[in-house]
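**Student:** Sharing a structure with you now.
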Amino acid sequence: MRLAALVLAAVLVVGCAPSVEIDAPDIEITQPNLPFPAAPASAGPGTSVTAPFKFATNKLGSSKPDAGTLKNIERLQITRVVLKANSGIEDFSFLDHLTVLAANKSDTTQSSPEWPVIQIVDYQASPDVQVGAELQIPLDPPVDMLPLWGHTWLYLTITATGDPPKTNWSADVVFSLSLKIRQ
């Protein structure tokens, strides 16, 4: 009788798979101290400087993203990007335009069926808005990142255009993600 009860309990435990749902509307991923190059000494307004970096997708818990892992992700969106002035700058008042692109290949800037490029940010400064040491860029609608998540690396490129400093500078870049996983 006791053995039968243990066997029945084991069958019930093995036969029942729990359902798990994670809904995390505000996960922050920070790239600290991202270096930007100095603008040339002769540069003026309309000059662009670029800072590339890469991000391992396994930082969100997947050691190797694959179709099995991805099918459980219902939502993976960037909802906001924040830049925080670090060394070499006091604020972002020099900025006229900012773009952030994401791809799965380091030298990809143009989208193709095999290597999509997603534009995360296309920010235009407004003379009516005062910019300080922190630049918050809400994304409405949020940017869907699932098309790029099936690879191990995301390559991001931030291009700042305006009258950038003539010295090297850096900023912390914070991405706010909204994630929903169901298993």
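**Student:** Out of residues 5 or more away from GLU74 or on other chains, whose amide H comes under 5 Å of its own, with H placed 1.01 Å from N in the peptide plane?
**Tutor:** HN-HN under 5 Å from GLU74: LYS180, ILE181, ARG182.
**Student:** Each residue of the stretch 39-55 in turn: what ³J(HN,Hα) in whole Hz from Karplus with 6.51, -1.76, 1.60 and θ = phi - 60°, glycine and Pro shown as x?
**Tutor:** 6, x, 4, 8, 6, x, x, x, 7, 10, 10, 10, 10, x, 7, 10, 9
**Student:** Averaged over every viewing direction, what's the projected area of the C-alpha convex hull for the stretch 21-182? Give it in nm², one decimal, please.
**Tutor:** With the hull built on Cα positions only, its mean projection is 9.8 nm².
**Student:** Could you give the nm distance between label points at GLU21 and ASP172, where each point is 7 Å from its Cα heading toward the beta carbon?
**Tutor:** Placing both labels 7 Å beyond Cα along the Cβ direction yields 3.4 nm.
**Student:** Fewest to most neighbouring Cβ within 10 Å: what's the order for ASP140, ASP91?
**Tutor:** By the 10 Å Cβ count, ascending: ASP140, ASP91.
**Student:** Sequence-distant or interchain residues sharing an amide H contact under 5 Å with PHE94, placed H: which?
**Tutor:** The answer is none.
**Student:** Counting Lys +1, Arg +1, Asp -1, Glu -1, what net charge surrounds ALA39 among other residues with beta carbon under 10 Å of its beta carbon?
**Tutor:** Taking every other residue near ALA39 into account, the sum is 0.
**Student:** If you don't mind, another one. For ARG80, enumerate residues with amide H under 5 Å from its amide H, sequence gap 5+ or separate chain, H modeled in the peptide plane.
**Tutor:** Those qualifying (amide H under 5 Å, at least 5 residues apart or on another chain) are LEU139, SER176.
**Student:** Give me LEU76, LEU146, LEU154 sorted ascending by neighbouring Cβ count inside 10 Å, so fewest comes first.
**Tutor:** LEU146, LEU154, LEU76
Here, each number is a calculation from the coordinates, and none is a lab measurement. Just so it is clear, the model here is predicted, and its values are computed rather than measured. Here Cβ is always computed from backbone atoms with ideal geometry, including for glycine, and neighbour counts include all displayed protein chains.
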